[in-house]
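Here's the structure we're looking at; comments come further down.
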Amino acid sequence: MPENNYVGRGFTEGELKAAGWWVRNEVKIHYWSRMTLYVLNGLIWVYVGWGLLDAYAISYPRESRITQEIAANQQILDRLQQDRPENVGTSQVLVFTATEDRQDIMVDVQNPNKDWWAEFSYSFNVSGEQTPSRQGFVMPDSLVTLTELGFKPTKAGARSAQLQVDNIRWHRVEPSDVGGNYSEFINRRFGGVTVQNVLYDQGTTLNGKLAPKTSFVIQNQGAYGYWSIDYVVKLLRGNTVVAVNKINVRDLKPGESRPVELYWYDQLPSVNKTEVTPIINLLDPNSFLPTDRL
């Protein structure tokens with residue numbers, strides 16, 4: 001067992017040596033402790049000062065420029081999105097049963113864009129059967145009726161169809177091409193063409209058979225002639241379309257009054273309204289008759 005040598009008031013020799021060392025070095029210990037605290041405090045203030053300097057003098061201008069660039073890029077993106085055409089809207093596809101198990105199919109396509117028009121290919125899927133592909137277009141801020149008339153499916157009785165559109169090609173209306181205003185351009189080029197005296201006669205006969213007739217007169221009081229205009233004719237009962245047909249009018253000259261008759265060979269319900277709508281691409285120079293044909 002180790003032996004303790006007690007000196008004086010009971011302190012061991014080791015305790016007295018430790019106490020002597022503390023007495024001799026106490027001032028130095030306090031001094032270096034304060035110095036250490038001063039250094040740590042200084043480092044903290046240097047860190048805080050650097051953070052403030054970096055935040056407000058060094059990084060802030062750079063980060064501010066980044067924020068401004070992000071805002072500028074967002075504005076560019078917004079303008080690009082505004083310059084892109086919106087998607088067209090479509091109505092429900094309607095299928096009407098005609099004679100000899102044939103079907104007439106129609107759908108309305110609405111273009112909400114005031115500065116864009118579109119060309120496309122379209123067809124209908126009729127209960128799994130594909131109709132022939134047709135070419136169509138829709139003018140700016142307007143509605144066009146797409147049709148497939150007299151389609152005879154292999155399966156009789158099919159009454160549902162879906163529109164299929166391919167090869168959409170958007171065209172922007174250039175102000176220089178329309179004199180700065182598209183609406184006024186259309187009015188100048190086609191405002192003189194009207195449909196008048198629209199009549200529907202439920203009781204007419206043709207070749208001894210009942211054949212309701214739609215008749216109307218196309219008046220061209222404008223200065224332009226037209227190679228070809230399609231007119232879509234819809235028969236309505238109230239607000240419901242019950243039949244659709246289309247007729248083509250060619251070589252319509254200025255000052256001409258063209259009577260049109262269209263017979264319906266289907267069994268139709270009561271009709272109290274008839275709509276006649278022209279389809280023509282007035283942005284296509286080839287739609288107009290040359291001066292030597294007027």
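Here, each number is a calculation from the coordinates, and none is a lab measurement. Since we're looking at a predicted model, the values are computed, not measured. Here the Cβ is made from the backbone with ideal geometry for all residues, glycine too, and neighbour counts use every protein chain on show.
Data table
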item	result
Inverse of mean 1/r across different Cα pairs in segment 228-276, Kirkwood, Å	12.3 Å
Across 114/246; 213/246; 209/246; 253/273; 155/234, pairs whose alpha-carbon gap is larger than 24 Å	114/246; 253/273; 155/234
Mean Cα-pair separation over length for segment 234-283, i.e. relative contact order, pairs under 8 Å, 6 or more apart, %	52 percent
Local electrostatic count, residue 123, Cβ distance below 13 Å [Lys/Arg +1, Asp/Glu -1]	-2
Fewest-first sequence of 186, 168, 279 by Cβ atoms within 10 Å of each Cβ	168, 186, 279
Efficiency of FRET from Cβ geometry, residue 270 and residue 167, R₀ 25 Å, rounded to 0.05	0.05
Extension reserve of the residue 187-residue 48 stretch, reckoned as 0.36 nm per residue once the Cα distance is removed	42.9 nm
Virtual spin-label span in nm between residue 40 and residue 291, 7 Å along Cα→Cβ	9.9 nm
Distant alpha-carbon pairs in the chain (separation over 27 angstrom), percent	64 percent
Exposure proxy order (Cβ contacts within 10 Å, fewest to most) of 188, 250	250, 188
